[in-house]
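The values are calculated or read from the model by the stated rules, or taken from the named source; none is laboratory data. As the structure is a prediction and not an experimental result, all values here were calculated from the model. All Cβ positions, glycine included, derive from the backbone under ideal geometry; neighbour counts span all protein chains shown. SASA here: full protein model, heavy atoms, side chains in, ligands and nucleic acids out. Shrake-Rupley method; radii C 1.70, N 1.55, O 1.52, S 1.80 Å.
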Amino acid sequence: LSSSSVASMDVRLDRQLSYYFSDKNLWKDDWLAGQLGEDCAGWISIAVIAGFKRVQQITSDLELIKSSLRRIDGLEVHEENVRRWRRLPPKPCTTEVVEGGSTTGDGQVDEQELQIASTATADAPISSAEISPASTPGFRQVPKTGVIFVMDEAAKSGYNAATAHEWANLGQGSPETTKVRNWPTNVRKRLTELNEKGKLSSEAGPFNLNSLEVNEENLHYGNVNGDLALRRAVAKFYNELYRKGKASQYSAENVAIVGGGRLALTRLCCAMDNVNLGHFLPDYTAYAELLSQFKTINSIPIPLDPQNNFRITLKELRREIVGRGLSALLLSNPCNPTGQLIEGEELKNWVRIARETNCSLVLDEIYSRYIYTQRMAPTDAHWRMVSAAQFVDDVNKDPVIVLDGLTKCWRMPGLRICWIVAPKNVIEAVGAAGSFLDGGPSLPTQRACVPLLNAKDVIEQTIMLQVLFSHKRDFLLRRLQDMGVVVEHPPQGTFYCWCDISKLPAPLNNCWGFFRELLREKVIVCPGVFFDVNPGSRRKFNSYDSFVRLSYGPSFKEIQRGLDGMQRMIERHRKAIRGADDELQAPIQVLLIDPQL
C-alpha cells in the first residue's frame, strides 16, 4: 500500500474505533456496554473489537488495530485488552436540535453517522511524488469526468475522509444515504402525517438491507446479463408500475443487470453498429469520453436553447433525427444537469417519433423518481415517476431502451446494481458485450436486491424520497435567490440546480473562478463546461462557462453549510467591489498653495 493509502486507512480506523467507545454509542449499544461492565470502564479483548464488521471492512490486521486504540484519547491498552479510562456518564435528557431543524427520534443526533451518510468521501489524495511523471509505453493519459476532476481538485485543497465534516460537497452527484431519524424535522412531520393517512405503512421506510448472504452457491460465476431472479423482479416492477392492461409485457429476457449506470452505457455503446448517434447539450459529463472511445459511433451534438428552457420541440426533434440520419438518440431524463423533464404526452410523442423514424431512443432514467411536477401518470398526488416504458407499444419491436438502477432512486450507489430494459435482441447484444467487458455483476449482491423491487414498497419509498428532496430543493432555490444566483428554470427532476452565475462580480461570473474561489470556503461545485459533451474535443470552443451545477443530494445540514460558504464568498467579492467604487467616487481634495510662500 502507498503511504497515502495507509494514512487514509488509519484515519478511518481511528474514527471508527473512537466511535465504538464514545458516550453516544455506549448510551445505545447495550451489548458493548454490557461487555465493558459497570460504568463501561472494564476491559474487553481487542480481538473482539477486531471482529466487528465495520472494523473488518477497514482492516483485519490486529497490530494495526492495537496501534489505533493506543492513539485514541481516553483509552488504555494492556497486552491484548483495552478499556476506557472514564466512567460512562448518565445519558442527558435534553433535546438536541440539528442545524436545519433535524433531530433523531430521541432528540440525539449521531453526527458521525450523519456525515458518513451525507456524501461519499474520498480517501487521502495520492501525492504527486507517488505518481511517476514518466509515461508507460502503450498507455495514454485518460481524461477524467467532470465530477472526478473536481473531487481531485478538492482533495488537493484538503478534502478527505478526515476533514469531510468541515466541507460541503455540492459537486458530486450522490444521494444521501441517511436514516429517516436524521432527516429535517419538517420532513419527518410530513411523513408522520402520511403515515396517519395510510399512505405509508412505516415512517422508517420499507427497505432495510443490512447484510449480504455469501454461500457456496453464489460464489460461482453468474449469468453475464444478471441473475434470473433479479431480472424477473425488474421486469415485474416495470409491468406493474407502467404496463398494466397492456398486451405486450416485459420478461426477464428484456432485462440485463449491470454493475452501475456507466457500465450499462458502455455495454450499449459497444453493442451499437456504425451509427449516427445524437446527444443533447448540456448533458451528463461521462457521455463525452464514453462516446469518443467507440469508433463505430459518429456522435452528433444537438444544442438546447436556454431561451427555450433547455428543451426541444417535437417538430425540431423529428427534423434532427431525419435530417442528420440518426439511428440512435441518447439523453438523460430527467436531465442531468438542468433538471428538465420530458413526461406525459410529450414523452409519449417522443416514443412515437422514435418508432416512426426507426431511431433507437436510449433513455438514461437513473433519476426517474426524483420528480417535482404534478403533470404525469401514474400518480396519485403523493408520488410521481417517469419512464418511457409506459408508452412502448411492443416491448420487442419499439426501439426504446431505458436505464435505471439502485444507484440514485434507491439511494444505494455503493451496491453498483443497475439495469437495461430493452427489446430481447438488444439484451442479447449487450450480454455478448458484457462477456468480454465485465463478465457480469456480483451474484450475492443481486440476490440480496430482489426484495427491493417490490412495487408497493417502491411507491412508499418514492413518497418519502420526494418529500425529503422537495424540501431540500425548495430551501436551495430560496437561498440562491437571496444571493442573486439565477436559476432561470427550476429543476423538475433530479437533485441538481443549473445555476447562471453571469450576473455575479468577476471572477465569480465564470465557472472556473466560481469553483476556485469556493474551494477556499471548503465548498465543492461542478463547473458548467463539463456538461458541454464534446467527444474527442472536436469542437474548439466551450459553452456553459457561465453556469455551475449544484447538487442537493447531500444531507440538509451539509447543503446549509455549503450555501453559507457560498454566501460568504459572494458577499466578500461584492464588498470588495463596493470598496473600490467608493475610492473612485471619493471627492478630490484640491490643495491651494499660497503664492506668497
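Tabulated values for the structure
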| quantity | calculated |
| --- | --- |
| Computed over the range 434-488, Cα set: Rg, Dmax in Å | 19.4, 53 |
| Alpha-carbon centroid distance for the pair the range 219-274 / the range 410-427, whole angstrom | 6 |
| Hz values of 3J(HN,Hα) by residue in the range 191-203 - Karplus curve (6.51, -1.76, 1.60), Gly and Pro given as x | 5, 4, 4, 5, 5, 5, 7, x, 7, 10, 7, 7, 6 |
| Extension reserve of the residue 516-residue 87 stretch, reckoned as 0.36 nm per residue once the Cα distance is removed | 149.8 nm |
| Overall Cα dimensions of the range 282-436, principal axis frame, Å, largest first | 44, 39, 32 |
| Per residue Cα convex hull volume in Å³ - calculated over the range 393-517 | 187 |
| From phi via Karplus (6.51, -1.76, 1.60), per-residue ³J(HN,Hα) for the range 352-368 in Hz, x at Gly/Pro | 4, 5, 4, 5, 6, 9, 6, 10, 5, 9, 9, 10, 7, 9, 5, 10, 5 |
| Approximate spin-label separation residue 456-residue 348, in nm, with each point projected 7 Å along Cα-to-Cβ | 2.9 |
| Straight-distance crosslink candidates among aspartates and glutamates, where the alpha carbon sits under 15 Å from residue 24 and sequence neighbours closer than 8 are dropped | 39, 96, 106, 110, 111, 113 |
| The range 170-288, accessible surface, carbon-and-sulfur percent (1.4 angstrom probe) | 45 |
| 18 Å Cα-Cα reach of residue 575 towards aspartates and glutamates, excluding residues that sit fewer than 8 places from it in its own chain | 482, 517, 521, 564, 583 |
| Whole-number accessible area per residue in Å² for the chain, which is evaluated in the context of all protein chains at 1.4 Å | 47 |
| Under the Karplus curve 6.51 cos²θ - 1.76 cosθ + 1.60, θ = phi - 60°, whole-Hz ³J(HN,Hα) for the range 252-260, x wherever Gly or Pro sits | 4, 5, 9, 10, 10, 9, 9, x, x |
| Spherically averaged projected area of the range 485-544 from its Cα convex hull (nm²) | 5.2 |
| At R0 = 35 Å, FRET efficiency that the Cβ-Cβ distance of residue 28 and residue 142 yields, to 0.05 | 0.15 |
| Within the range 204-295, trypsin sites (Lys or Arg not before Pro) in DSSP loop having at most 10 other beta-carbon neighbours inside 10 Å | 244, 295 |
| Separation of the residue 319 and residue 196 label points, Cα + 7 Å toward Cβ, nm | 5.5 |
| Computed [θ] at 222 nm, deg cm²/dmol, the chain (DSSP H ≥ 4; -39,500 (n - 2.57); rounded to nearest 500) | -12000 deg cm²/dmol |
| Descending semi-axes in whole angstrom, ellipsoid equivalent of the chain, from the Cα gyration tensor | 40, 37, 26 |
| Cross-link table 179/408; 315/408; 179/472; 144/472; 197/236, entries beyond 24 Å C-alpha to C-alpha | 315/408; 144/472; 197/236 |
| Nearest-0.05 FRET efficiency for residue 482 and residue 274, computed from C-beta distance (R0 51 Å) | 0.50 |
| Cut-off of 10 Å, at most 12 other beta carbons, DSSP loop: longest stretch of the chain lacking such chymotrypsin sites (Phe, Trp or Tyr not before Pro) | 222-540 |
| Scattering curve values for the range 188-334, log₁₀ I(q)/I(0), Debye with Cα scatterers, q = 0.18, 0.19, 0.20 Å⁻¹ | -1.18, -1.20, -1.22 |
| Accessible-area composition of the range 317-439, carbon plus sulfur, in percent [1.4 Å probe] | 49 |
